[in-house]
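Please read the structure below before turning to the comments.
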Protein chains: 2
Amino acid sequence: MEIAQKAHLAATVLKTVSNDDRTATLKMVHDALREAKDEVIAANVKDLDAAKSANLSPSLIKRLDLSTGDKYDSMLQGILDVASLDDPVGKVTLARKLDDNLELYRLTCPVGVLLVIFEARPEVIANITALAIKSGNAAILKGGKESLHSFTAIAKAVTKALEKSKVPPGAIQLIATRDEVSSLLSQDQYIDLVIPRGSNELVKHIKDNTKIPVMGHADGICAIYVDQDANAKMAADIVVDAKTNYPAGCNSVETLLINEKVISDKWPTVASALVDANVEIRATPELIEALPADLKSHCKTATEEDFKTEFLAHIIAAKSVPTVEDAMAHINSHGSSHTDCIITDNETTAGKFLKGIDSAGVYWNASTRFADGFRYGFGTEVGVSTNKIHARGPVGLEGLVNYQYILKGNGQIAASYLGAGGDKPFKHEDLPLEN
Amino acid sequence: MEIAQKAHLAATVLKTVSNDDRTATLKMVHDALREAKDEVIAANVKDLDAAKSANLSPSLIKRLDLSTGDKYDSMLQGILDVASLDDPVGKVTLARKLDDNLELYRLTCPVGVLLVIFEARPEVIANITALAIKSGNAAILKGGKESLHSFTAIAKAVTKALEKSKVPPGAIQLIATRDEVSSLLSQDQYIDLVIPRGSNELVKHIKDNTKIPVMGHADGICAIYVDQDANAKMAADIVVDAKTNYPAGCNSVETLLINEKVISDKWPTVASALVDANVEIRATPELIEALPADLKSHCKTATEEDFKTEFLAHIIAAKSVPTVEDAMAHINSHGSSHTDCIITDNETTAGKFLKGIDSAGVYWNASTRFADGFRYGFGTEVGVSTNKIHARGPVGLEGLVNYQYILKGNGQIAASYLGAGGDKPFKHEDLPLEN
């Protein structure tokens, strides 16, 4: 049977497996990967050798390397962490008596089949396997060619563990061949959600080549607006943190908007802090003009393109705006709906911004770097979504579930009721939610 | 400015308009349409004349006709009904203290820009306008050519009412030209959700031609499984209701699965009721064989294609299955994830079915015809979704909202906290939800 169809059928079985059995399965996966550590690391060395021979970038080689620091043990612990989370499945979110002995329930349920495509981080396999099983979703995992040996060794251990578990065969399928992806991306009748884990290019490529919903983000063009009523020191601290704490992160700031009334007093404080933190400033002329000579030399004139660019580096684009409304208009037209921030001591201005920005995260006086599942207290993070429907922002396990309606009757037919030919009214009484 | 971009910008303004102002706007739209009734009906007569000259089907002409019964007044009342619903926007669904003075809130918010494409029912314009404004979404409404005059007259009244309201220009755009659609379907940077209201062909065409999420359903292939422990009379009543109450409805039953142990006793009761209700039975040979001669003559032998067909007529496809598991496997592989039902007096068997079926609605001893927003008590229905993410089943106003995270701090930076270079732990204390 084809991979996707097999996953679809397995999903309908996995959906019925209890939380206890799903949790026990995760422990078995954990133990199997612990036992296979030497084997996996040996396979990983082969990938590393190949990557070095192929002159791949040092950052890619670092991501590929499973033996640095406590990466392997963290991966193992991550499985147990997911296992210990609350069961996301079967939560009753609505209970309503439509009529006597006719009761409607809305219950959380798995989405179905996930297709997860990732690049160089082999430990993602363990993480996604844990998330999928915990949430009752079948998953097809497709690794990149750079991690082929590591992937195969991990897959072997995971598959062996699953064989002894209550999770049906086909629920977790690990595929390593490259030519499968385009075929999988076309099977929207069997695959319900695609989760890309990798570069912006990977995400864009996938979004452009499938009708299946894609959960993730391509660009993360976060902006910070420094209002006329901002505390300049706070603005400098937040902007530097948001830019330099982890520039490769999607929640790093890329665009800085300065209220034009504070170009001469607050902007130099922020600019000076950025220069001290080795950040290149690409600013509009009026902002460069306002700086003292020693700061001016660290600035370049911004192009329009700079305000649509995710630099992922020590570079920031800056421009001035007349009002908070202009800042909002800039963000709503140039941003990527990820996370945007206002720095101000004025509650009214902040209120306007918090209401008017059309992004997954809207912040007031806090670094955009807080946009993260662990920082939000979700226990885990499936990814960050800039989609406008389903899950938004940092996504925990709840992004892998949806709901279905269960109706329990004792023979009722629609024709007895008002609106469908009969005269019985509906009761529509909400019942207590018992979870 | 282009239609979609204009809608996107209007959406960010509409998002900030209060519920009182949105509700007042709906009353203005209601009044304008009440006053324009003669004008709209006159325009509608032109559409009806054109439809008759073009020999369009009687059912299409009926859908087009705004003067039948109380259709116009129902349309007007529908606007007031939507106006009176609870505000779906700004509900706090999570409140969490990440640290002192660093508070995270998750609030419901509009999705953004809706593109609604519909065919012959001109009253849908008023309904969708009301739903969009109430939920704070901008909407682009595109009517079919059959209802061009009615559409234009309604659009004129709606537009005039909106001009005096707090809803920004561009928030509701009514377009009548045909060539715009394919261009709009490609503008996923501005349009967040497409809602088709019309035939399966329309929905399929749209799904095949856009990357924007589409909320709706193409096929509604609902199944009823009559278990060995079913009450035969109940089974007959429910199957007849589900098939004949409104055969054109997407929640009508198309497939009947009979447990093979009750072919000789319960199946003839169900078949007889169907024949009495003028339903053509397309059954597998063993089911036809089990019937008395007078019923046999009303049956045809089913083809495999019949089990993938939405008949939307007095026709039902029937086959026998050995067990409830086989019924579930059939439904999960042939169905359309809409609404499926088991008829049984056995709670254990029902429990298996309710857990294992992968559909928006799973019913026990009740007609599939209950799958409807009004019957569920939602006050209104945006449509029925067979999608696996975001809204499923009958969708009320909550299908037009999503959520965003608001973080309020007083200068916190990520680098102070554990995991990003600092040593402060997060508090992650849930706060009471105040709505």
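Among the residues making up region B:28-42, a single one is open to solvent by less than 50 Å² (accessible area, probe 1.4 Å) and either touching a Pro at 6+ places or on another chain (Cβ under 9 Å) or more than 21 Å from B:GLN77 (Cβ to Cβ) (or both): B:VAL40. Where strands (runs of 3 or more DSSP E) fall entirely within region B:294-355, those with at least 1 residues that are within 11 Å of another protein chain (Cβ to nearest Cβ) are at B:339-343. Looking only at residues in region B:378-408 that are among the hydrophobic types (A, V, I, L, M, F, W, C) and assigned to a loop (DSSP other than H, G, I, E, B), the one that is surrounded by the fewest Cβ atoms within 10 Å (Cβ to Cβ) is B:PHE378. Could you check, for region A:356-377, whether at least one of its residues is open to solvent by 30 Å² or more (accessible area, probe 1.4 Å), part of a helix (DSSP H, G or I) and either charged (D, E, K, R) or more than 10 Å from every other protein chain (Cβ to nearest Cβ) (or both)? Scanning region A:356-377, I find no residue that is open to solvent by 30 Å² or more (accessible area, probe 1.4 Å), part of a helix (DSSP H, G or I) and either charged (D, E, K, R) or more than 10 Å from every other protein chain (Cβ to nearest Cβ) (or both), so the answer is no.
Picking from A:ASP265, A:ASP306, which residue would you name as being open to solvent by 30 Å² or more (accessible area, probe 1.4 Å) and of a type in the set (Asp, Glu)? Steps first, please.
Values: A:ASP306 fails: open to solvent by 30 Å² or more (accessible area, probe 1.4 Å).
From the options A:ASP265, A:ASP306, the qualifying one is A:ASP265.
Taking every residue in region A:47-71 that is free of Cβ contacts under 8 Å to residues at least 24 places away in the same chain and under 20 Å from A:THR152 (Cα atoms) and pairing it with any residue that is of a type in the set (S, T, N, Q) and open to solvent by less than 70 Å² (accessible area, probe 1.4 Å), at least 6 positions away or on another chain, the pairs with Cβ-Cβ distances below 8 Å are A:LYS62/A:THR68; A:ASP65/A:ASN44.
Tell me which residues, restricted to region A:4-27, are farther than 22 Å from B:THR348 by Cα, among the aliphatic types (A, V, I, L, M) and crowded, with 20+ Cβ neighbours inside 10 Å. So that I can check it myself, show each step before the final result.
Filtering region A:4-27 for residues farther than 22 Å from B:THR348 by Cα gives A:4-8, A:23-27.
Add one more test, that the residue is among the aliphatic types (A, V, I, L, M), and what stays is A:4, A:7, A:24, A:26.
Those that are farther than 22 Å from B:THR348 by Cα, among the aliphatic types (A, V, I, L, M) and crowded, with 20+ Cβ neighbours inside 10 Å: A:ALA4, A:ALA7, A:LEU26.
Looking across B:ASP208, B:ASP188, B:ASP219, one residue alone is within 14 Å of chain A (Cβ to nearest Cβ), of a type in the set (Asp, Glu), open to solvent by 10 Å² or more (accessible area, probe 1.4 Å) and within 18 Å of the chain's Cα centre (by Cα). It is B:ASP219. Check A:MET75 against each of (1) part of a helix (DSSP H, G or I); (2) touching an Asp or Glu at 6+ places or on another chain (Cβ under 6 Å); (3) within 14 Å of chain B (Cβ to nearest Cβ) and name the one condition it does not meet. Of (1) part of a helix (DSSP H, G or I); (2) touching an Asp or Glu at 6+ places or on another chain (Cβ under 6 Å); (3) within 14 Å of chain B (Cβ to nearest Cβ), only one is false for A:MET75: (3). Checked against (1) under 20 Å from A:LEU14 (Cβ atoms); (2) assigned to a strand (DSSP E or B), A:ALA157 passes all but condition (2).
Note on region B:226-247: among residues that are open to solvent by less than 10 Å² (accessible area, probe 1.4 Å) and within 24 Å of the chain's Cα centre (by Cα), the one that is nearest to the other protein chains (Cβ to nearest Cβ) is B:ASP241.
Taking region B:1-52 as the region of interest, how many residues are of a type in the set (Ser, Thr, Tyr) and at pLDDT below 95? I'd like the intermediate steps shown before the answer.
Applying the first criterion (of a type in the set (Ser, Thr, Tyr)) to region B:1-52 yields B:12, B:16, B:18, B:23, B:25.
Those still in the list that are at pLDDT below 95 too: B:12, B:16.
Counting residues in region B:1-52 that are of a type in the set (Ser, Thr, Tyr) and at pLDDT below 95 gives 2.
Each residue in region B:409-431 was checked for being touching a residue at least 24 places away in the same chain (Cβ under 8 Å), more than 7 Å from chain A (Cβ to nearest Cβ) and in a loop (DSSP other than H, G, I, E, B), and 2 pass. Selection of region A:296-345 for residues being in contact with a Lys or Arg (Cβ under 8 Å, 6 or more places away or on another chain), of a type in the set (S, T, N, Q) and at pLDDT 95 or above yields A:THR301, A:THR303. Selection of region B:150-184 for residues being within 20 Å of B:ALA120 (Cβ to Cβ) and either within 14 Å of chain A (Cβ to nearest Cβ) or of a type in the set (D, E, K, R) (or both) yields B:LYS156, B:ARG178, B:ASP179, B:GLU180.
B:LYS27 meets the conditions (1) more than 14 Å from every other protein chain (Cβ to nearest Cβ); (2) farther than 30 Å from B:TYR190 by Cβ in every case but one. The failed one is (2).
For region B:85-109, a residue qualifies if it is of a type outside the set (A, V, I, L, M), part of a strand (DSSP E or B) and more than 9 Å from chain A (Cβ to nearest Cβ), and the qualifying residues are B:THR93, B:LYS97, B:ASP99, B:GLU103, B:TYR105, B:THR108. Within region B:17-36, residues that are more than 19 Å from B:GLN173 (Cα to Cα) sit with their Cβ atoms under 6 Å from residues that are open to solvent by less than 40 Å² (accessible area, probe 1.4 Å) and part of a helix (DSSP H, G or I), at 6+ positions apart or across chains, in these pairs: B:ARG34/B:LEU76.
Would you confirm whether any residue within region B:280-290 is of a type outside the set (Lys, Arg) and under 22 Å from B:SER385 (Cα atoms)? Within region B:280-290, none of the residues are of a type outside the set (Lys, Arg) and under 22 Å from B:SER385 (Cα atoms). If the condition is being among the basic types (Lys, Arg) and open to solvent by 10 Å² or more (accessible area, probe 1.4 Å), then region B:92-141 contributes B:ARG96, B:LYS97, B:ARG106, B:ARG121.
Residue-wise test of (1) in the same structural domain as B:PRO169 (by TED's automatic domain parsing); (2) within 23 Å of B:ASP192 (Cα to Cα); (3) in contact with a Lys or Arg (Cβ under 8 Å, 6 or more places away or on another chain).
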{"site": "B:HIS8", "(1), (2), (3)": "yes, yes, no"}
{"site": "B:VAL17", "(1), (2), (3)": "yes, yes, yes"}
{"site": "B:MET28", "(1), (2), (3)": "yes, no, yes"}
{"site": "B:LYS37", "(1), (2), (3)": "yes, no, no"}
{"site": "B:VAL45", "(1), (2), (3)": "yes, no, no"}
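A quick yes/no check of all residues on (1) in contact with a Leu (Cβ under 9 Å, 6 or more places away or on another chain); (2) touching a residue at least 12 places away in the same chain (Cβ under 8 Å); (3) over 30 Å from A:LEU131 (Cα atoms):
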site: A:LEU312; (1), (2), (3): no, yes, no
site: A:ASN332; (1), (2), (3): yes, yes, yes
site: A:ALA371; (1), (2), (3): yes, yes, no
site: A:GLU381; (1), (2), (3): no, yes, no
site: A:ALA391; (1), (2), (3): yes, yes, no
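The values are calculated or read from the model by the stated rules, or taken from the named source; none is laboratory data. Please read all numbers here as calculations on a predicted model, not as lab measurements. Backbone-built Cβ (ideal geometry, glycine too); neighbour counts: all protein chains shown. Accessible surface areas use protein heavy atoms only, side chains included; no ligands, DNA or RNA. Shrake-Rupley method; radii C 1.70, N 1.55, O 1.52, S 1.80 Å.
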